[in-house]
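Report on the structure given below.
The values are calculated or read from the model by the stated rules, or taken from the named source; none is laboratory data. In this text the structure is predicted, and so the values were computed from the model without any measurement. Here the Cβ positions follow ideal geometry from the backbone for every residue, glycine too, while neighbour counts run over all protein chains shown. All accessible areas refer to the heavy atoms of the entire protein, side chains included, with ligands and DNA or RNA removed. Shrake-Rupley method; radii C 1.70, N 1.55, O 1.52, S 1.80 Å.
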Amino acid sequence: MRIGIAGAGAIACGTAALLHRNKHIPTLWSPSGTSTTVFETTPLLAHGVIETEFTPDIANSAQELAEGCDALILALPATGHKSVMDALVPHIREGQHIIISSHASFGAVYLTQALMARGVSAPVTAWGTTIVSGRRLEGNKVRVNTIRNRVDLCTVPEAASDDGLDLCQLLFGDRFKPRDGLLAILLSNLNPQNHLGIALCNITRMERGEDWSQGLNVTPKVGRLLEQLDLERLAIAKALNLDVKTIFEHFHQSFHVPIGTISEMNQQMHTHGYGGLGPTTADSRYITEDVPYGLQVTAALGRLVDRPAALHEAGIRLFSAMYGREFAQENEFLHALDMESYSLCDLQHASRTGVLHRPSTPET
């Protein structure tokens, strides 16, 4: 299949390398227009768990990407999801499948609503995390650290769930765990809570631009914080009767290490060479993306089900204080959809259909 990938960073290039290895044809589109220019003269060179060299097809616009590909994957930071969706919506065809890797906030609902406004019905599959992890290196190189054994997913509308699973398995193999709607996917993305603890406890390293091992620096006390953050997320999921994986399952399935304490698992990852490098700048997606698009949504769901996520809320406030900005106000999807005006029942309905029905106005 010919698969269009919106994005050209580490995850996009790593996903393209995996698609190429699996005998599909990836096309990259860089929304900024700059990140794919290197591939005009040199091939994409993948190292790590994927060793391959190939020249990806390049799209020069959202229209070219959508019209030239069978299905689409969004593989870029959540801060760019809305603008990329807005660029793609006029060109998406009836029935053309879109995968969001990984899903952030209520992006699948926003995309479905925007397509409906055009009279277009297209299934949207949301992943709870990315299929690969890695880092875009200098020039034409990408290092792929891991291919995940399990990725949580759901598709809206719910009636297209089998099609979504079949497509993902066709492209990437038997690596997917269906979950019960978008709320389960929102609560299956552990990156925001994990990055909260890691970044908060290593912020001086990030500010100084140090090179540091992330796995090594998930020390026992940092690991304990991640475990306590996970309990808040699990309590919210339980109140919603949703089945989500634990942080222990996440590290075990994503990085192939035996289950122990979270610190022990990260030390194992470091020992085996895939503990990853921590951010070398304070302007990191661990904060600028994960706080508004991850922590904020978890905290909001906690308030709705009377399971306050005190540590998540504290993280939002601490980072807002450190950065001098209101991260709670920076989620474009929550503002565009006016999410605060909807009830829990409205959100549960949208999590299965992709559709938010406008709340009725009380009679006066």
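Just wondering, is there one or more residues in region 351-358 that are open to solvent by 60 Å² or more (accessible area, probe 1.4 Å) and farther than 30 Å from residue 122 by Cα? Checking region 351-358: not a single residue is open to solvent by 60 Å² or more (accessible area, probe 1.4 Å) and farther than 30 Å from residue 122 by Cα. Kindly provide the set of residues from region 82-124 that are within 21 Å of residue 300 (Cβ to Cβ) and part of a loop (DSSP other than H, G, I, E, B), ordered by number. Residues satisfying the conditions are 102, 103, 104, 105, 106.
The number of residues in region 107-121 that are among the hydrophobic types (A, V, I, L, M, F, W, C) and open to solvent by 10 Å² or more (accessible area, probe 1.4 Å) comes to 4.
Residues in region 319-345 that are assigned to a loop (DSSP other than H, G, I, E, B) and either surrounded by 14 or more Cβ atoms within 10 Å (Cβ to Cβ) or within 22 Å of the chain's Cα centre (by Cα) (or both): 325, 326, 330, 331, 337, 338, 342. Exactly one residue out of 211, 174 is touching a residue at least 12 places away in the same chain (Cβ under 8 Å), of a type outside the set (Val, Ile, Thr) and open to solvent by 10 Å² or more (accessible area, probe 1.4 Å), and it is 211. Selection of region 303-318 for residues being part of a helix (DSSP H, G or I) and more than 21 Å from residue 336 (Cα to Cα) yields 310, 311, 312, 313, 314, 315, 317, 318. Identify all residues within region 123-159 that are closer than 22 Å to residue 12 by Cα and hydrophobic (A, V, I, L, M, F, W, C); write none if there are none. Within region 123-159, 124, 126, 127, 131, 132, 137, 142, 144, 147, 151, 153, 154 meet the criteria.
Here the condition is being on the phi < 0 side of the Ramachandran plot and within 20 Å of the chain's Cα centre (by Cα); of 58, 100, it holds for 100 alone. For residue 300, the criteria (1) small (Gly, Ala, Ser); (2) open to solvent by 20 Å² or more (accessible area, probe 1.4 Å); (3) in contact with a Lys or Arg (Cβ under 9 Å, 6 or more places away or on another chain) hold in every case but one, which is (3). Taking the residues in region 37-65 that are open to solvent by less than 60 Å² (accessible area, probe 1.4 Å) and in a loop (DSSP other than H, G, I, E, B) as candidates, determine which candidate is nearest to residue 11 (Cα to Cα). Out of the qualifying residues, it is 50. Within region 141-159, the set of residues being within 21 Å of residue 274 (Cα to Cα) and either polar (S, T, N, Q) or open to solvent by less than 30 Å² (accessible area, probe 1.4 Å) (or both) comprises 142, 144, 145, 146, 147, 148, 149, 151.
Only residues that are part of a loop (DSSP other than H, G, I, E, B) and either touching a helix residue (DSSP H, G or I) at 6+ places or on another chain (Cβ under 7 Å) or at pLDDT 95 or above (or both) were counted across region 10-35, and they come to 5. Going through (1) under 29 Å from residue 181 (Cβ atoms); (2) assigned to a loop (DSSP other than H, G, I, E, B); (3) of a type outside the set (Lys, Arg); (4) touching a residue at least 24 places away in the same chain (Cβ under 8 Å) one by one, residue 348 falls short only on (2).
Taking region 66-81 as the search range and keeping residues that are assigned to a helix (DSSP H, G or I) and closer than 20 Å to residue 170 by Cβ, which one is most open to solvent (accessible area, probe 1.4 Å)? Selected residue: 68. Selection within region 277-288: residues that are open to solvent by 30 Å² or more (accessible area, probe 1.4 Å) and in contact (Cβ under 8 Å) with a residue 12 or more places away in the chain. The member of this set that is nearest to the chain's Cα centre (by Cα) is 285.
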